[in-house]
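The structure appears below as structure tokens.
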Amino acid sequence: MRRLRLRRPLGRREQIALAVVAALLVIVAVDAGIRVRDARREAKAAVALLDRSRATLGPLLRFDTTVWPGREGYARLQDDLRDAERHLRRTDERLGYLQRFAVLGWVIPRYGESLRNGPALLDFTTTVTAEAAGVLAQAEPLFVGTGNSGDRARSVFVDRHEALDRHLGRLDDVRDDAARLANVGWAGPARRAATLLPELNEDLARVGSVRGTAQRMAVGLDPLLGYGGPRTYIVLGQNEQEIRPTGGFLGTMGVVKVVDGKIASFEYASAYDFDPKPDKFRAPPSDFALGNGVRYWYVRDANWSPSFPESAATVQRFFREDRAVQADGVVAVDTEMLRLLLQALGPMTVQGVDVPLTAENFYAALEEEIFGEETEIAAKKRSILGRVLQQSIDRVQAADADKVPALVAVLRQGVAGRHLQLFGNDERVQAVSEGFGADGMMRPRDGRDFVAVVDANVSYSKIAAAISRETTYLRRADGRVDVFVSWRNDLTQFAGQRYKRLGQSALLYQPERDAFVKVQGVYGNMFRIFLPQGSTVEGVEGFTPIYRIEQGMTVLVGRVEVHDGEQKTVAITYRPAGAPSGVDVWKQGGQERDRLRVLTANGRQQETLFDGPFLQDMSVAFPPVQLAPAR
């Protein structure tokens with residue numbers, strides 16, 4: 001048998017060294033355990049605060065004002081983010097040297113991926129929390145400040161621009177990190193924190209747009225609101241009850257001068273008060289002359305182009321020629337925009353109106369006061385509507401923080417529906433308008449189809465409340481497109497709020513007789529259908545079109561007369577240029593009872609891509625083409 005050799009007993013020094021190592025390991029293990037426990041506690045507190053914050057922070061980035069915080073909620077959100085950042089930094093501090101062992105994640109099963117990416121998740125979350133808190137701190141005057149809203153906006157977007165842009169830029173820079181971390185298979189304690197990543201990733205995707213808006217405001221706000229020099233704007237009151245291409249007949253208008261964000265002077269009157277004296281001959285557009293039977297062109301009819309910049313340029317030209325007014329831009333509002341402002345800011349008491357104006361009685365009350373007795377109508381337009389518009393502007397300027405969510409909501413709704421439009425001669429101002437979608441332009445996009453149906457009332461009547469319109473876009477399997485447009489006149493059965501002029505005093509021009517005929521309750525419409533240039537029209541039903549090129553697009557001009565109780569439908573069939581991936585349908589301002597359907601056909605079946613109220617520009621993607629199987 002082999003004799004076992006006994007190892008030499010450890011010497012005293014070796015025993016002491018081993019004991020020291022063992023003690024150090026115990027100390028490190030205990031320290032690591034304490035650090036992990038403390039870090040988990042801090043991280044858990046941070047996640048709870050971030051979970052509560054995202055319910056408010058996300059809607060702020062989306063401009064979803066239905067869940068915007070008030071003054072107290074905004075302060076609590078700031079406190080939550082600051083506290084969350086402190087907890088996250090304590091988490092990092094408590095983990096300390098332990099984060100260097102993240103490389104062991106390559107050899108540890110199950111939790112390895114979480115261990116490897118844990119430090120990156122902590123750094124990412126800390127950065128986002130700190131920068132979001134920074135954005136809120138810079139934007140505070142706008143949301144919780146007091147005083148003139150223009151001054152508050154300038155304080156944020158101009159005075160604080162560098163700091164605001166720096167915070168937004170850092171948030172934009174970590175978008176790639178968010179996408180990468182969202183794809184990690186998280187396990188263990190990090191899983192709870194990682195549940196915030198998908199929604200946070202969506203919110204970060206909007207930061208670029210918010211940053212772009214802030215940059216445009218930093219450059220364009222001063223020239224827009226007259227800081228550093230007065231600005232003069234022509235203000236157009238569009239009456240959507242007599243629909244016109246940019247939204248309504250220009251029944252009232254005026255000139256406002258703005259200095260340092262405040263109104264320095266204001267003149268507002270009936271559009272007829274702005275007729276040139278003596279009269280001037282200006283030939284109107286051919287289809288306007290054909291539809292209305294007129295030979296002169298006045299500023300009240302200057303919005304015949306549906307492109308607001310083009311109509312605004314025409315309005316400015318008429319003001320220069322007729323009134324020697326050199327304007328810096330044009331603002332258009334319709335009665336629906338004023339109603340929305342009443343909805344946001346509450347009832348308004350106006351001298352000359354017997355009852356307080358509310359969102360519910362606004363239109364009918366003004367109609368009764370101005371047109372109830374057919375005397376001094378122009379004077380009442382000038383005094384009453386001028387006061388309404390002046391007070392509306394004053395109330396927007398004076399809106400405190402508690403009114404900001406409701407005010408932003410109705411301004412967004414007004415811009416989306418083209419109830420509020422702005423054109424500025426200064427390219428910096430126009431960039432602001434375009435950024436908010438208030439410019440009223442048509443923008444066909446490469447690789448997509450485009451359709452715009454533009455109505456214009458040529459029956460000299462306020463009847464839009466009783467008119468409903470439905471547009472159907474049907475894409476066939478062979479790529480051809482059918483567009484159906486129907487107008488229905490429900491004057492007799494109209495169940496909405498009535499007013500004295502609804503459907504009254506209708507006149508139709510008959511070009512073949514060169515005469516006007518009075519037809520009670522009729523809706524005469526000179527419409528245009530815009531298609532991208534390169535589209536091939538193959539069929540037309542229900543009207544005899546006049547073809548032209550306008551806005552760089554193919555336009556079909558037609559006319560329909562819809563009598564009380566009738567429905568009229570027109571249809572076109574065309575082949576779009578190329579193979580579009582979807583369709584953009586442009587929304588005309590002023591259309592109240594408007595509906596849109598977008599369908600695609602596959603054999604005998606149809607798929608509904610959209611069917612609902614037509615409230616704003618609609619962009620619809622086509623589904624992939626289903627190829628027949630090879631035989």
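Values for this structure:
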{"quantity": "Residue pairs meeting the criteria (Cβ under 6 Å; at least 6 apart or on separate chains; first under 14 Å from T232 (Cβ atoms), in the range 257-272; second in a loop (DSSP other than H, G, I, E, B) and open to solvent by 60 Å² or more (accessible area, probe 1.4 Å))", "calculated": "K257/P230; V259/P230"}
{"quantity": "Matching residues in the range 44-59 - criterion: being open to solvent by 20 Å² or more (accessible area, probe 1.4 Å), small (G, A, S) and under 16 Å from T126 (Cα atoms)", "calculated": "A45, A48"}
{"quantity": "G524 being farther than 24 Å from A477 by Cβ, within 35 Å of the chain's Cα centre (by Cα), open to solvent by less than 30 Å² (accessible area, probe 1.4 Å) and small (G, A, S)", "calculated": "yes"}
{"quantity": "Single unsatisfied condition, L502 versus (1) at pLDDT 90 or above; (2) farther than 26 Å from A601 by Cβ; (3) open to solvent by less than 20 Å² (accessible area, probe 1.4 Å)", "calculated": "(1)"}
{"quantity": "Selection from the range 347-377 of residues that are open to solvent by 40 Å² or more (accessible area, probe 1.4 Å) and at pLDDT below 80", "calculated": "E368, E369, E373, E374, T375, E376, I377"}
{"quantity": "V255 being at pLDDT 95 or above, over 29 Å from R443 (Cβ atoms) and among the aliphatic types (A, V, I, L, M)", "calculated": "yes"}
{"quantity": "Test result for S307, more than 19 Å from T252 (Cα to Cα) and free of Cβ contacts under 8 Å to residues at least 24 places away in the same chain", "calculated": "no"}
{"quantity": "Set R244, R295: member being open to solvent by 10 Å² or more (accessible area, probe 1.4 Å) and either in contact with a Gly (Cβ under 6 Å, 6 or more places away or on another chain) or closer than 28 Å to Q551 by Cα (or both)", "calculated": "R295"}
{"quantity": "G229, sole failed condition from (1) over 30 Å from Q397 (Cβ atoms); (2) modelled with pLDDT of 90 or more; (3) surrounded by fewer than 21 Cβ atoms within 10 Å (Cβ to Cβ)", "calculated": "(1)"}
{"quantity": "Residue list for the range 369-417, filter: farther than 30 Å from L596 by Cα, among the small types (G, A, S) and in contact (Cβ under 8 Å) with a residue 12 or more places away in the chain", "calculated": "G372, A378, S383, G386, S392, A398, A399, A401"}
{"quantity": "Among (1) over 30 Å from N303 (Cα atoms); (2) among the polar types (S, T, N, Q); (3) at pLDDT below 95, the one test that S581 misses", "calculated": "(3)"}
{"quantity": "Subset of the range 460-470 [surrounded by 24 or more Cβ atoms within 10 Å (Cβ to Cβ) and polar (S, T, N, Q)]", "calculated": "S461"}
{"quantity": "Residues being of a type outside the set (A, V, I, L, M, F, W, C) and without any contact (Cβ under 8 Å) to a residue 60 or more places away in the chain - total across the range 493-509", "calculated": "3"}
{"quantity": "Members of the range 135-157 found to be surrounded by fewer than 18 Cβ atoms within 10 Å (Cβ to Cβ) and aliphatic (A, V, I, L, M), listed by number", "calculated": "A137"}
{"quantity": "Subset tally (residues that are open to solvent by less than 70 Å² (accessible area, probe 1.4 Å) and either within 20 Å of V540 (Cβ to Cβ) or in contact with a helix residue (DSSP H, G or I) (Cβ under 6 Å, 6 or more places away or on another chain) (or both)) for the range 569-585", "calculated": "10"}
{"quantity": "Those helices (runs of 4 or more DSSP H) lying entirely in the range 139-257 with at least 1 residues over 22 Å from the mean Cα position of the chain (by Cα) and hydrophobic (A, V, I, L, M, F, W, C)", "calculated": "161-173, 175-182, 190-194, 197-205"}
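Yes or no, residue by residue, for (1) under 26 Å from L366 (Cβ atoms); (2) among the acidic types (D, E):
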| position | (1), (2) |
| --- | --- |
| F274 | yes, no |
| K277 | no, no |
| F281 | no, no |
| G293 | no, no |
| V299 | yes, no |
| T314 | no, no |
| R323 | yes, no |
| Q326 | no, no |
| E336 | yes, yes |
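The values are calculated or read from the model by the stated rules, or taken from the named source; none is laboratory data. Everything quoted here is computed from the prediction, not taken from an experiment. Every residue, glycine as well, gets a Cβ built from its backbone with ideal geometry; the counts of neighbours run over all protein chains shown. Each accessible area value is taken on the protein alone, full model and side chains, heavy atoms only, with ligands, DNA and RNA left out. Shrake-Rupley method; radii C 1.70, N 1.55, O 1.52, S 1.80 Å.
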